[in-house]
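Chemist: Below is the structure I would like to discuss, written out as structure tokens.
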Amino acid sequence: MKLDAATIMIASIALGISVDNTIHIFYRFKKELSINGDHAKAMRVTLQGVGKTALFTSLSAAFGFMVFSFSSFKPVQYFGFLTCVTLLNAIVSDLLISPSCLLFFKPKF
């Protein structure tokens, strides 16, 4: 797949969609942290609640966009593939990397 102006714009749209889960997770973590003050407990509650929701919505959206990759029209095919890959990478990041960073750096919101 060649990277050109169209595929770069597709990737940025997909990244914008995936940032939504990150915002939900960080907001819920901040709220849980203000309730009990314990970073580990706040992350546990966050991932049990918002984490499950983010996982299911990201997987359903990713596989929904993957249907576009079976199109015979190349721009639609690229859009489906890039969006799916971006959403899958984003949810892995949201559920593994972001919690690790929040627990390691212990931000004081």
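Chemist: Cβ-Cβ below 9 Å, separation at least six or inter-chain, first residue in the stretch 1-12 and surrounded by 11 or more Cβ atoms within 10 Å (Cβ to Cβ), second part of a loop (DSSP other than H, G, I, E, B): which pairs?
Modeler: Short answer, once both residue conditions are applied: 7/1; 11/3.
Chemist: State all residues of the stretch 44-60 that are among the small types (Gly, Ala, Ser) and surrounded by 20 or more Cβ atoms within 10 Å (Cβ to Cβ); if no residue qualifies, say none.
Modeler: Those that are among the small types (Gly, Ala, Ser) and surrounded by 20 or more Cβ atoms within 10 Å (Cβ to Cβ): 51, 54, 58.
Chemist: Six or more apart or on different chains, Cβ under 9 Å: which pairs go from a residue in the stretch 15-43 that's surrounded by fewer than 14 Cβ atoms within 10 Å (Cβ to Cβ) to one that's part of a loop (DSSP other than H, G, I, E, B)? Could you list them?
Modeler: Here the result reads 34/109, each pair linking the stretch 15-43 to a residue that is part of a loop (DSSP other than H, G, I, E, B).
Chemist: Looking at 73, 65, can you tell me which residue is more than 11 Å from the chain's Cα centre (by Cα), within 27 Å of residue 9 (Cβ to Cβ), loosely packed, with under 13 Cβ neighbours inside 10 Å and not hydroxyl-bearing (Ser, Thr, Tyr)?
Modeler: Values: 65 fails: loosely packed, with under 13 Cβ neighbours inside 10 Å.
Only one candidate qualifies: 73.
Chemist: Here is a follow-up. Identify all residues within the stretch 36-62 that are modelled with pLDDT under 95, over 20 Å from the mean Cα position of the chain (by Cα) and of a type in the set (Gly, Ala, Ser); write none if there are none.
Modeler: Scanning the stretch 36-62 gives a single hit, 37.
The values are calculated or read from the model by the stated rules, or taken from the named source; none is laboratory data. From a predicted model like this one, the values you see are computed outputs, not experimental measurements. Note that each Cβ is placed from the backbone with ideal geometry, even for glycine, and that neighbours are counted across all protein chains shown.
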